[in-house]
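Below is one structure; the comments refer to it alone.
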Amino acid sequence: MSEFFQKHKPSPNRHTGGFTLLEILVVLTLVGLLTAFSLPQFSVIRDRIEFTLNRDAFENELRGLSYAAFKEGTTLILAGQYPRGPGDAPTEDTVFTDKEPVFLEPGQLRPMRPTNASDVTLTLPEEWRVTVDSPIIYQASGFCGGGTVNLLIGQLRYAYALKAPTCQVELAN
């Protein structure tokens, strides 16, 4: 048996374990190509995830306003535009009106702002805007009258319908 091993023994100049330079270059080229094609997609995926998380956080904030009013024991009002600049916030003497007042003299306005109401502050990412067509009032009991909230993100527009009595948030478009 030892003669067999002596005859078929590898020569000392030939390496049996390891890779050739050509094999390593082929593998590195393939890895480089895969990286070049997939790397730009990571930033797109990251941006999509960030956008979705921000939109979900906004929707959750809208959903939690009824509970916040109940927990604080105060009336909350969601009205106007967000984010607000200096002087944009409604003041105590702000009066909200309906299009057709009931049981009022012509030209007379009906105040809808409760005296103990607080304005809602929304947390929004940069370049996001929110508009509320007509004021949405969250009662201290946790109930609200419903309404529509528009989320504007660049050219995108999302309309949310808040359904009474608990202002359940539904995407309208």
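The values are calculated or read from the model by the stated rules, or taken from the named source; none is laboratory data. Fair warning: this is a prediction, and the values are worked out from it, not measured in the lab. Note that we place each Cβ from the backbone using ideal geometry, even for glycine, and neighbour counts take in every protein chain shown.
Consider region 129-141 and keep the residues that are hydroxyl-bearing (S, T, Y) and either under 28 Å from R48 (Cα atoms) or surrounded by 14 or more Cβ atoms within 10 Å (Cβ to Cβ) (or both). The one that is nearest to the chain's Cα centre (by Cα) is T131.
Screening the candidates L33, L22 for the property of being exposed (fewer than 10 other Cβ atoms within 10 Å of the Cβ) and either modelled with pLDDT of 90 or more or among the hydroxyl-bearing types (S, T, Y) (or both) yields one hit, L22. A count restricted to region 142-154 and to residues that are surrounded by fewer than 16 Cβ atoms within 10 Å (Cβ to Cβ) and modelled with pLDDT of 90 or more stands at 2.
The condition of being at pLDDT 85 or above, loosely packed, with under 13 Cβ neighbours inside 10 Å and in a loop (DSSP other than H, G, I, E, B) holds for only one of E126, E170, that being E126.
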